[in-house]
Amino acid sequence: MSPEEETEIKRRQRSRNIVLGSVLLFFVALFYAITIVRMGD
Amino acid sequence: MRNAVAVTLPADWRDFFALTKPRVMSLVIFTGLCGLIAAPGSINPVIGFTAVLCIALGAGGAAALNQWWEADLDAGMKRTASRPLPAGRLARGDALAFGIILSALSVIVMGLGVHWLAAGLLAVSIFYYAVIYTIWLKPRTPQNIVIGGGAGAFPPMIGWVAVTGEITLMPVLLFAIIFFWTPPHFWALALFVKSDYAKVGIPMMPVVAGERSTRRQILLYALVLLPVAIAPWLVGGAGAFYGGAALVLSLSFLALTLPVAFRVQTKEDAMLPEKRLFGFSIVYLFALFAALVADRVAAAQGWIQGSIA
């Protein structure tokens with residue numbers, strides 16, 4: 001594997017991790033909000 | 001037909017995003033949101049947001065499953081050859097897993113957070129698009145667009161049911177409007193876009209039944225669409241504002257189908273009537289649903305008279 005490929009793999013893994021982490025955080029916030037709203041029902 | 005190239009690099013997240021067909025999703029979000037707002041009763045903004053999000057996630061999951069199944073077909077057509085799977089930027093198994101996870105997540109969150117009937121409808125719509133349409137009927141019948149239109153017709157119904165929790169006449173009518181709108185919308189496009197569906201063995205109507213028959217069927221669906229579009233007003237589910245808008249829009253739509261229905265393509269044809277019809281068909285759907293929302297919101301606020309069905 002060439003150094004260029006190595007860098008590209010690292011870059012893609014990093015951006016994927018950031019996106020996935022953001023999505024998970026978003027769902028944490030959403031579930032929290034849903035729970036608060038539903039408790040008021 | 002060539003197979004997808006082997007993937008060694010980890011896929012870029014943008015290719016997963018592209019798998020959800022974001023442009024189709026924007027129409028799904030719009031019609032789903034319209035169904036949600038037009039429905040009688042109120043819904044907490046957080047729950048309403050969750051409902052629309054789940055409709056979008058479900059549509060994205062179904063689109064991913066569709067592309068997982070059709071990767072070989074897509075590779076054989078110019079328009080779709082650069083999609084993530086046929087271009088080899090994404091592994092097929094990853095697309096399948098992504099589609100299943102999105103679909104399951106959307107149904108579960110809809111059920112737990114919003115309403116189980118809406119979740120059930122969402123599950124049915126995903127199954128309908130990914131399995132009944134994509135796998136079973138699309139490669140087998142020239143009526144595939146009519147059947148596929150059924151899948152696109154679910155979002156406003158799901159949005160409505162997320163608020164009311166029951167299937168009444170109005171959400172069924174919203175379903176019917178998109179159902180009868182889809183064939184003339186798509187066939188107008190199919191007439192002027194040289195597609196290579198025939199090359200990969202998908203029986204599209206203009207190829208199988210011929211141009212003449214397709215043109216007649218466009219008119220037929222536009223004729224049925226007119227009473228279906230004004231039906232919400234006739235049954236008292238929407239007010240005169242919507243009724244008037246639906247009548248004007250549907251008559252215009254019908255007027256644009258007439259030249260398309262009764263002409264024959266010549267050599268070097270610019271296909272202007274077909275392009276005009278296709279362009280207007282998009283305006284038509286947006287305007288019709290916007291009119292419904294405006295009518296219902298105005299009635300709920302007491303600005304105009306109108307029964308809340």
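Length gained on full extension, B:LEU234 to B:GLN301: 22.0 nm, using 0.36 nm per residue less the C-alpha separation.
Ranking B:VAL161, B:LEU57, B:VAL146 by how far each Cα lies toward the positive end of the dipole of the stretch B:13-166 (charges on Cβ) leaves B:VAL146 at the top. Only Cα sites of the stretch B:210-254 enter the Debye sum here, all with the same form factor; the resulting log10 I(q)/I(0) across q = 0.23, 0.24 1/Å is -0.72, -0.75, listed in q order.
Here the simple spin-label model places points 7 Å from the Cα toward Cβ, and for B:LEU219 and A:LEU24 these points are separated by 6.0 nm. Residue ranges B:51-58, B:213-220, B:20-27 sort as B:51-58, B:213-220, B:20-27 when ordered by packing (mean number of other C-beta atoms within 10 Å per residue, highest first).
Rounded to the nearest 20 debye, what is the charge dipole size of the protein assembly as shown about its Cα centre when +1 sits on each Lys and Arg Cβ and -1 on each Asp and Glu Cβ?
The calculated dipole for the protein assembly as shown is roughly 620 debye.
Take the Cα of B:ILE132, step 7 Å toward its Cβ, do the same at B:ALA290, and the gap between the two points is 3.2 nm. Longest exposed-loop-site-free stretch of chain B, with GluC sites (Glu not before Pro), DSSP loop and at most 15 other Cβ within 10 Å? The reported range is B:1-165.
Report summary: the helix-based calculation at 222 nm, which adds -39500 (n - 2.57) for every DSSP H run with n ≥ 4 and divides by the residues of chain B, gives -23000 deg cm²/dmol.
Within 10 Å of the Cβ of each residue in B:41-47, the mean number of Cβ atoms contributed by other protein chains is 3.
Explain nothing, just the number: dipole magnitude of the stretch B:71-152 about its Cα centre with +1 on each Lys and Arg Cβ and -1 on each Asp and Glu Cβ, in debye rounded to the nearest 20.
260 debye
Inter-chain Cβ neighbour count for B:100-112, averaged per residue, equals 1 (cutoff 10 Å, partner chain atoms only).
Taken as Cα centroids, the stretch B:82-151 and the stretch B:13-78 sit 9 Å apart, rounded to the nearest whole angstrom.
If the cut-off is a Cα-Cα distance under 18 Å, which lysines reach B:LYS199, setting aside same-chain residues fewer than 8 apart in sequence? Those lysines meeting the cut-off are B:LYS78, B:LYS138. The residue among B:ILE132, B:PHE98, B:MET110 whose Cα reaches farthest toward the positive pole of the charge dipole of the stretch B:1-143, with charges on the beta-carbon of Lys, Arg, Asp and Glu, is B:ILE132. The amide H of B:ILE304, built 1.01 Å from its N in the peptide plane, has B:ALA299 as neighbours under 5 Å, considering only residues 5 or more places off or on other chains.
Rounded to the nearest 20, the Cβ-based charge dipole of chain B about its Cα centre (Lys and Arg +1, Asp and Glu -1) stands at 720 debye. Applied to the stretch B:179-187, the Karplus parametrisation 6.51 cos²θ - 1.76 cosθ + 1.60 on θ = phi - 60° returns per-residue 3J(HN,Hα) values of 4, 7, 6, 4, x, x, 4, 6, 5 Hz, with x for Gly and Pro. Averaged over the residues of A:28-38, the number of partner chain Cβ atoms lying within 10 Å of the residue Cβ comes to 4.
Once the chain from B:GLU166 to B:GLU211 is taken as fully extended at 0.36 nm per residue, the excess over their C-alpha distance is 12.0 nm.
Taking R0 as 22 Å, what's the FRET efficiency between B:LEU9 and A:ASN17 from their Cβ-Cβ distance, rounded to 0.05?
My answer for the efficiency is 0.90.
Here chain B is scanned for chymotrypsin sites (Phe, Trp or Tyr not before Pro) in DSSP loops (not H, G, I, E, B) that have at most 15 other Cβ atoms within 10 Å, and the longest stretch holding none of them is B:1-261. Placing R0 at 45 angstrom, the Cβ-Cβ distance between A:TYR32 and B:ARG276 gives a FRET efficiency of 0.35 after rounding to 0.05. Label zone (B:ALA81, point 7 Å along Cα-to-C-beta; backbone nitrogen cut-off 16 Å) within the stretch B:183-207: B:194-201. Name the most mobile residue of B:ALA153, B:ALA245, B:ALA298, meaning the one with the largest mean-square fluctuation, in a Gaussian network model of chain B with Cα contacts below 10 Å. With Cα springs under 10 Å in chain B, the top fluctuation among B:ALA153, B:ALA245, B:ALA298 is at B:ALA298.
Every number in this text was worked out from the coordinates using simple rules, so none of it is lab data. If you're wondering where the values come from, they're calculated on a predicted model, not measured in any experiment. Please note: Cβ atoms are built from the backbone with ideal geometry, for glycine as well, and neighbour counts cover all protein chains shown.
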